[in-house]
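Only one structure is covered here, and it is reproduced in the block below.
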Amino acid sequence: MITVDLDLAQVRAFVAAADHLHFGHAARSLSLTQQGLSKRIARLEDTLGTRLFDRSRTQVGLTPAGLRFLDPARAALAAGAAAVDAVRHGGSPIRVDLWGHLFEPLRTVRAVLDDGAGPPVEIGPGRDLPGVAAALLRGEIGAALGRFHPLDDGLEQALAHRPVRFEPVDAVLPAGHPLAAAGRLRPADLAGLRLLLPAAAGRLDFLGAFAARFAVPVEPGGPNLGLDHLLERVRAGGDGFALLPAELPLGDGTGTVVVPLADPTPLYAWSLVWHRDRPHPGVPALLDAFAAAGRRRRWLEYRPGRDWLPGAEDLTAAPDA
């Protein structure tokens, strides 16, 4: 195999031009002249021995070779940035995006940070797993926390993940419902009710798996308008209920009652996710901090038969788990 040494400045010029598909706009984004950007791309094409762009007077497009080169080029830039960060800024924060906000993932992160362990962390919002997966692959964030599950496009195969918390889930019922007086319920007891989804079903892997496993009908939601809106739907719908983490504080005056579930107890799996091949330098310390917090708080207790954990076989068998 012939070794080719890439100039990251040339690679950065290529990625900027690929993003803008306009050499003038790309040059301005890098504070270069258009001539300077064109020269860098020309040298890169000479190094690779192929054209990366089709150029005309009115249009710029990627050649097939340019399309193939784009994702590895982004990866090369991210790896270069991580290498510099590891040497010069080892103490800089690792960006961790959170998703599954209705279940308040920040509670879990806050417990770890309150212990004073782990690397400096900068918290950001993630829309869902596909969104944070794309951000991880682009090198925009170092890690993410939420519920990990397979994706339709298989994008998750480029990621590593480790469960850090299995959180019990309770049923939230209207205060006047007959089942609200129970000390605890079995998931099967909910089969005659409707599970109220806080958003579109496609983004709610856990709730969909629960409904399928325990034969509970669902009522899909529209836009996710937050916890208060979901509780209002529970309060207004006589046979509707919601599922929420057991430790999620709901406060008083909601007109709802929280009833624990058992036989089996549903568990919501929070996982830390990072890039499999290009992990941020802070990931090992972050994993250690989550593991230490989990041991102290018994976050990873799971007993088959007593608990229900969707995807448990995949989670426990994964090398990163």
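The values are calculated or read from the model by the stated rules, or taken from the named source; none is laboratory data. The structure displayed is predicted, hence computed values, not measured ones. Note that we place each Cβ from the backbone using ideal geometry, even for glycine, and neighbour counts take in every protein chain shown. With ligands, DNA and RNA removed, areas are computed over all heavy atoms of the protein, side chains included. Shrake-Rupley method; radii C 1.70, N 1.55, O 1.52, S 1.80 Å.
One table, with the values for the structure above:
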read-out	value
Number of the condition not met by Ala209 [criteria: (1) open to solvent by less than 40 Å² (accessible area, probe 1.4 Å); (2) over 30 Å from Ala160 (Cβ atoms)]	(2)
Contacts under 8 angstrom Cβ, first residue in the stretch 29-55 being over 14 Å from Ala65 (Cβ atoms) and open to solvent by less than 40 Å² (accessible area, probe 1.4 Å), partner assigned to a loop (DSSP other than H, G, I, E, B) and not small (Gly, Ala, Ser), 6 or more apart	Leu37/Leu30
Pick from the stretch 113-151, criterion in contact with a His (Cβ under 6 Å, 6 or more places away or on another chain) and not small (Gly, Ala, Ser), ranking: least open to solvent (accessible area, probe 1.4 Å)	Leu136
Per-region count, the stretch 180-189, residues open to solvent by less than 50 Å² (accessible area, probe 1.4 Å) and at pLDDT 95 or above	2
Some residue of the stretch 214-234 being touching a Gly at 6+ places or on another chain (Cβ under 7 Å) and acidic (Asp, Glu)	yes
Within the stretch 173-275, strands (runs of 3 or more DSSP E) holding 2 or more residues that are closer than 30 Å to Ala143 by Cβ and touching a Phe, Trp or Tyr at 6+ places or on another chain (Cβ under 9 Å)	240-245, 265-275
Search result, residues across the stretch 212-268 that are open to solvent by 50 Å² or more (accessible area, probe 1.4 Å) and small (Gly, Ala, Ser)	Ala212, Ala215, Ala236, Gly238, Gly251, Gly253
1 or more residues within 30 Å of Asp205 (Cα to Cα): qualifying strands (runs of 3 or more DSSP E) within the stretch 11-101	94-98
Odd one out for Val172 among (1) open to solvent by less than 10 Å² (accessible area, probe 1.4 Å); (2) farther than 25 Å from Trp308 by Cα; (3) among the β-branched types (Val, Ile, Thr)	(2)
Within the stretch 4-28, tally of residues that are surrounded by 15 or more Cβ atoms within 10 Å (Cβ to Cβ) and among the charged types (D, E, K, R)	2
